[in-house]
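Since every read-out is calculated from the coordinates, none of them should be taken as a lab result. Please read all numbers here as calculations on a predicted model, not as lab measurements. Counting neighbours? That spans all protein chains shown, and the Cβs are built from the backbone with ideal geometry, glycine included.
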Amino acid sequence: MVTIRYFAAAAEAAGTASESVQASTAGELRAEVAVRHGAALERVLARCAVLSDGVRLDSDDDPLRSGAVVDVLPPFAGG
Amino acid sequence: MTTPAHGTPDGGPVRVPARLVVRAEVTETAIDPARHAVEVDRPQAGAVVTFSGVVRDHDGGRSVERIAYIAHPDAADVLSRIAQDVAARTEVEALAVSHRVGELGIGECALAVAVSAAHRAEAFAAAALLVDEVKRLLPVWKRQVFTDGTDEWVGCA
């Protein structure tokens, strides 16, 4: 299991700030959250950086550690 | 006549800028840019540059009523690293930076930056770099609420 934390537009699209999912790769995680939250989240996810324990996931093959914290970060908009 | 290996052409000692971070914070309370300017003031500084990012009443041709800012839990640590990095890369005597979170009305300050340096070119350059790095790296998001009651996440609409 990994814990996903959604922020800003991603949290709004997912309808939650945090949830647990069963996934051992970045691709499995993307597929699972798409099933759970549908097109609204997929649209936002395409613009987000996804980090596992602070390290960016670039490929669907990237492995996920059991217990990892995965952050879904929309484009920053400070200032 | 030879120029000393470690000195100015007139033989005086080279001054190394202090490169001090006097403030780097993410805050829920109102930001006072003038206080940032006072905090970076140093006898060695001939220039103090301040920047205020404030909430404006329009965006993309639409009328804005307010903006809500939210931050990642690590935002304070990230801002501290950005400030230290900019101080190390520039010729500043001191710098201060604050980012506000929460609900802000028109005209309220969301981002305040102040830097001091011996000369104006260094101060302008450091202030611009600090603002650019905050916008590029700080995990903060904003939701604009328009006067017609609709809203959108900036950069993700």
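Annotation for the stretch B:16-69: trypsin sites (Lys or Arg not before Pro) lying in DSSP loop with at most 16 further Cβ atoms inside 10 Å of their Cβ are B:56.
Restriction of the trypsin sites (Lys or Arg not before Pro) in the stretch A:25-68 to DSSP coil positions whose beta-carbon has at most 11 other beta-carbons within 10 angstrom yields A:65.
Karplus-derived 3J(HN,Hα) values for the stretch B:141-157, using 6.51 cos²θ - 1.76 cosθ + 1.60 with θ = phi - 60°, are 10, 9, 10, 8, 10, 8, 5, 7, x, 7, 8, 8, 7, 5, x, 9, 6 Hz; glycine and proline are entered as x. Computed over neighbours whose Cβ is under 14 Å from that of residue B:148, the net charge equals -3, Lys and Arg +1, Asp and Glu -1. Ordering B:31, B:147, B:129 by Cα displacement along the dipole of the protein assembly as shown toward the positive end leaves B:129 in first place; charges were set at the Cβ atoms of Lys, Arg (+1) and Asp, Glu (-1). Taking the Cα centre of the stretch B:20-150 as origin and assigning +1 to Lys and Arg Cβ atoms and -1 to Asp and Glu Cβ atoms, the resulting dipole is close to 160 debye. Centre-to-centre, using Cα atoms only, the stretch A:1-63 and the stretch B:79-123 are separated by 33 Å.
This model, with +1 at the C-beta of Lys and Arg and -1 at the C-beta of Asp and Glu, gives the protein assembly as shown a dipole about its Cα centre of some 400 debye. Could you tell me which of rounded, prolate or oblate describes the protein assembly as shown, using a ≥ b ≥ c as the square roots of the eigenvalues of the alpha-carbon gyration tensor, with rounded for a/c under 1.5 and, failing that, prolate when a/b is larger than b/c and oblate otherwise? Oblate is the answer for the protein assembly as shown, as a/c is 1.5 or above yet b/c matches or exceeds a/b. All other residues whose Cβ lies under 12 angstrom from that of residue A:57 are scored, Lys and Arg at +1 and Asp and Glu at -1, for a net of -4.
Within the stretch B:54-155, the percentage of alpha carbon pairs spaced more than 17 angstrom apart rounds to 56%. Dipole magnitude for the stretch A:2-73: about 200 debye, using +1 per Lys or Arg Cβ and -1 per Asp or Glu Cβ, origin at the Cα centre.
Antiparallel beta bridges, as assigned by DSSP with both residues in chain A, represent about 75 percent of the total such bridges. Simple rule: put +1 on each Lys or Arg Cβ and -1 on each Asp or Glu Cβ in chain A, find the dipole, and look at A:52, A:16, A:34; the Cα lying farthest toward the positive end is A:16.
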